[in-house]
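Taken together, the values in this text are just the output of simple stated rules run on the coordinates, not laboratory data. These numbers come from a predicted model, not from an experiment. Cβ atoms come from the backbone with ideal geometry, glycine included; neighbour counts cover every protein chain shown.
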Amino acid sequence: MRKTLKKTGAKMSTGQKATIDRYEHQHREHTLDKHLKELRCLYDIARIAGAPDITLLQRYDEITKLLPRILQYPEIACAKITINGLEFKTDNYRGTPWKLSSGIMSRGYKIGIVEVGYLEERPESDGDVFLTEEKLLIDSVAERLEIITEHRRAEEALQESEAKYRAIFEQASDSIVLIDNETTEIIDFNDRAHESLGYSREEFSKLKITDIDVTMSAEDVKKRLRKIAEGGTQIIETKQRTRRGEIRNVHISSRALNIGGKNYTIGIWRDITERQQSEELLKTITHDSPLGVYILQNGRIQYTNPQFQKLTGYSEKELINRDLLSIISVADTDVVKSSTIFTLKEERPYPCEFRIINKAGQIKWVMQTVSAIRYQGREAILGNIMDISERKYLERKVIEYEELSKMKSDLLATVSHELRTPLAIIKGYSTMILDYFNKLSPGEQKEYLKSIDNSTERLAKLVENLLDTSRLEAGLLKLEKAPGSISKLVRQAGVEARIRANNHNIITRLGKRLPSANTDIKRIRQVLDNLIDNAIKYSPAGTEIVIAAEQVDSELIISVSDKGRGIPPDELTSIFDRMHRIEKRLNSGTDGMGLGLSICKRLVEAHGGRIWVESQVARGSTFYFTLPTTPSTPRAKLKDKSAIFTPRLL
């Protein structure tokens with residue numbers, strides 16, 4: 001009003017001045033009262049927010065009741081707080097068009113809203129129902145509610161965490177203590193800590209760590225606590241004294257903790273006295289055991305007795321923490337794993353036999369049984385192994401003896417059969433010549449004598465094969481080696497084969513300039529003739545038999561191919577075994593004891609060569625054997641084995 005009069009230039013009377021002064025004084029008082037009211041309201045809200053004895057929901061409810069006081073006309077005002085799906089409102093609250101609101105935020109998200117309003121239009125309203133100060137106040141209340149909510153959530157999370165910690169702390173099966181690093185006093189502990197040592201809670205609360213640890217002095221304890229504070233953690237085994245004076249072995253895990261700038265140590269210990277006594281008893285029992293004993297954890301060896309060390313050839317130090325599978329034959333690891341899993345799953349013994357490889361590289365057979373145990377407080381496997389190498393050796397000898405016995409029986413049966421036929425021929429024709437000599441024509445006499453001669457030759461060959469087999473088995477066959485021409489040997493074999501088998505087409509193929517070889521020509525010819533005779537016997541008349549020789553690198557490869565019946569795939573690997581094809585030959589009516597190919601293999605290997613066969617049923621077979629050339633022989637590379645043999649008819 002004073003400013004208005006100044007603008008108009010009108011002079012104020014003394015009465016006017018007094019009226020204006022009184023008005024301005026009242027306005028200032030009103031403004032001051034309003035600000036005081038607002039401050040009291042904010043103070044009350046702050047008081048409620050910090051009250052320790054009411055819940056968060058009670059805080060929301062009390063603050064809602066205070067909200068009308070932030071408005072100029074609280075007697076006609078109402079309020080509501082909506083937060084996290086919950087509503088808190090004054091008793092007189094209802095929907096109104098004269099409403100002011102502000103959102104409650106938390107971590108960037110809207111979680112609620114604060115609303116105040118007039119139940120009727122405000123007196124002397126000139127457009128905007130609410131003052132600017134009131135808008136600022138409602139925003140301030142919303143911010144305060146955000147702070148209250150976040151603080152309360154943090155408090156509840158902390159209380160929940162503390163409750164969980166305290167529950168774990170009190171219910172733990174291990175002893176837990178909190179130690180003051182400076183005084184070494186035990187300032188907090190769980191029931192297990194004092195009960196395990198026989199103290200009451202009150203007695204234990206007065207102790208220092210030096211009162212129960214018998215291995216360290218007060219200075220040693222302080223040094224250890226400082227070391228833990230620097231390094232963070234420490235695990236040791238020590239000894240503690242109980243209230244009765246008994247000494248107990250304990251395993252302690254310690255960790256540094258800083259609270260408010262002050263260093264503390266959390267110690268967790270477990271009594272391992274009985275465990276160590278059990279382990280010592282186990283070691284005493286197994287020390288002199290004739291069985292190898294080991295303890296395994298996570299696949300690694302944790303304990304071995306002297307017998308196990310003796311079996312493996314490794315020292316105890318070399319075995320500890322070693323992977324057990326590293327000393328087991330690779331071929332047997334799956335068997336060992338399977339038997340161990342079966343035993344642990346079924347909880348009953350399952351003996352397993354396998355091979356180990358000792359430090360010297362020697363293979364030993366062992367038999368193992370395992371069982372589940374606890375060792376040093378953790379699950380483990382106890383294994384017992386017994387050396388069965390001698391038993392395995394005897395088992396092999398028994399099998400070899402049985403095979404040898406069967407072989408001898410088969411040989412006797414075959415020899416009897418093979419001898420019977422030529423002897424019957426010799427006996428029959430000899431008797432006829434003696435009884436009917438004067439009645440037989442010269443041609444008949446010659447025919448009978450020729451049959452006797454052939455049978456005699458057959459007997460001689462049979463006996464020679466038996467003698468060769470015997471000499472080879474005993475290692476008594478001596479080779480008379482000398483440099484000789486393989487080309488000449490193959491040519492002669494081909495020529496004589498044509499005479500023996502005039503019903504077959506015998507073809508000889510020789511490589512160019514074949515070198516000589518240091519061989520026993522008689523024995524190599526024996527090998528070649530045997531292969532040729534087999535080709536003649538087992539291929540139809542009129543078919544080709546190819547005898548070939550070629551140099552490949554430092555070897556001579558000699559082969560005999562036929563178009564005969566072929567050899568089944570399942571017999572290719574055993575065809576060179578002694579007596580292999582006896583049954584087939586007897587059934588097919590073909591002569592022979594099955595010694596020929598076995599003798600061939602022994603003779604070729606005695607020359608430093610190899611022998612093998614390639615065959616297809618109903619299409620024929622090719623037998624190959626190699627001989628080393630003389631050292632001065634130049635080498636040639638083999639590209640296409642079927643293409644390098646140049647036909648040469650002799």
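Roughly how tilted is helix 486-500, in degrees to the nearest 10 and between 0 and 90, from the longest Cα axis of the chain?
Value to nearest ten degrees: 60.
So, in the stretch 156-266, how many Lys pairs have Cα atoms under 29 Å apart, if the pair is 8 or more places apart or on different chains?
Count of close lysine pairs: 20.
Could you size up the charge dipole of the chain around its Cα centre, putting +1 on the beta carbon of Lys and Arg and -1 on that of Asp and Glu, and report it in debye to the nearest 20?
The calculated dipole for the chain is roughly 2840 debye.
Could you compute the FRET efficiency for Glu143 and Ser217, with r as their C-beta to C-beta distance and R0 at 35 Å, rounded to 0.05?
Calculated value: 0.05.
Could you give the nm distance between label points at Tyr43 and Glu87, where each point is 7 Å from its Cα heading toward the beta carbon?
Simple spin-label model gives 3.4 nm for this pair.
Note the full-extension length gain between Ser278 and Leu467 as 0.36 nm times their separation in residues minus their Cα-Cα distance, in nm to one decimal. Could the numbers behind the result be given before it?
Values: separation 189, 0.36 × 189 = 68.04 nm, distance 6.81 nm.
Result: 61.2 nm gained on full extension.
Relative to the Cα centre, what is the charge dipole magnitude of the stretch 393-471, using +1 at the beta carbon of each Lys and Arg, -1 at the beta carbon of each Asp and Glu, and rounding to the nearest 20 debye?
Dipole of the stretch 393-471, to the nearest 20 debye: 140 debye.
Given the options Leu319, Gln307, Gln445, identify the residue whose Cα lies farthest towards the positive end of the charge dipole of the chain (+1 on Cβ of Lys, Arg; -1 on Cβ of Asp, Glu).
In the chain, that residue is Gln445.
Projecting each Cα onto the charge dipole of the stretch 496-572 (Lys/Arg +1, Asp/Glu -1 at the beta carbon, about the Cα centre), which of Ile567, Val546, Ile506 comes out farthest on the positive side?
Ile506
Nothing charged except the Cβ atoms of Lys and Arg (+1) and of Asp and Glu (-1): what's the magnitude of the dipole of the stretch 181-258 about its Cα centre? Round to the nearest 20 debye.
Result for the stretch 181-258 is approximately 180 debye, rounded to the nearest 20.
Highest mean first, how do 242-253, 553-564, 348-359, 436-447 rank when packing is the count of other Cβ atoms within 10 Å averaged over residues?
Most protected by this proxy first, the peptides run 553-564, 348-359, 242-253, 436-447.
Which one is right for this structure if Rg and Dmax of the Cα atoms in Å is calculated from it: [x] 67.1, 230; [y] 29.1, 94; [z] 54.7, 196?
Correct label is [z].
Separation between the Arg610 and Val335 pseudo-spin-labels, each 7 Å from Cα along Cα→Cβ, expressed in nm?
If labels sit at Arg610 and Val335, their model points lie 2.9 nm apart.
Please state the shape class of the stretch 172-271: rounded when a/c is under 1.5, otherwise prolate if a/b exceeds b/c and oblate if not, all from the C-alpha gyration tensor.
Verdict is prolate for the stretch 172-271.
Order the peptides 102-113, 333-344, 157-168 from the highest to the lowest mean number of other Cβ atoms within 10 Å of their residues.
Answer by packing, highest mean first, reads 333-344, 102-113, 157-168.
I need the shape label for the stretch 275-387. Rule: rounded when a/c is under 1.5, else prolate if a/b > b/c, else oblate, with a, b, c from the alpha carbon gyration tensor.
Working: a/c = 1.62, a/b = 1.13, b/c = 1.43.
It comes out oblate by the Cα gyration axes.
I'd like the orientation of helix 273-287 relative to the chain: the angle between its Cα long axis and the longest Cα principal axis, in ° from 0 to 90, rounded to 10.
Approximately 10 degrees, to the nearest ten.
What is the calculated FRET efficiency for Leu572 to Glu156, with r their C-beta to C-beta distance and R₀ = 60 Å, to the nearest 0.05?
On the way: r = 82 Å, r/R0 = 1.37.
E(calc), rounded to 0.05, equals 0.15.
In deg cm²/dmol and to the nearest 500, what is the mean residue ellipticity at 222 nm of the chain if only DSSP H runs of at least 4 residues count, each as -39500 (n - 2.57), divided by the residue total?
Theoretical 222 nm ellipticity from helices: -15000 deg cm²/dmol.
Would you be so kind as to identify which of Leu394, Tyr429, Ser470 lies farthest towards the positive end of the dipole of the stretch 393-471, taking Lys and Arg as +1 and Asp and Glu as -1 on Cβ and the Cα centre as origin?
Tyr429
Between rounded, prolate and oblate, where does the stretch 440-509 land on the alpha carbon gyration tensor, with a ≥ b ≥ c its root eigenvalues, rounded for a/c under 1.5, else prolate if a/b exceeds b/c? Write out the running numbers ahead of the final one.
On the way: a/c = 3.08, a/b = 1.30, b/c = 2.38.
Note, shape of the stretch 440-509 comes out oblate.
Note the angle between two axes, namely the Cα long axis of helix 14-50 and the longest principal axis of the Cα atoms of the chain, as a number of degrees from 0 to 90, rounded to the nearest 10.
30 degrees
Grab the Cα-Cα distance for Asn518 and Lys450, subtract it from 0.36 nm times how many residues apart they are, and report the gain in nm with one decimal.
Value of the extension gain: 20.7 nm.
Could you give the length gained on full extension between Arg226 and Met407, defined as 0.36 nm per residue of separation minus the Cα-Cα distance, in nm?
Length difference between fully extended and current span is 56.9 nm.
Go through 193-200, 623-630 and give me the packing order, highest mean Cβ count within 10 Å leading.
Highest mean packing first, the order is 623-630, 193-200.
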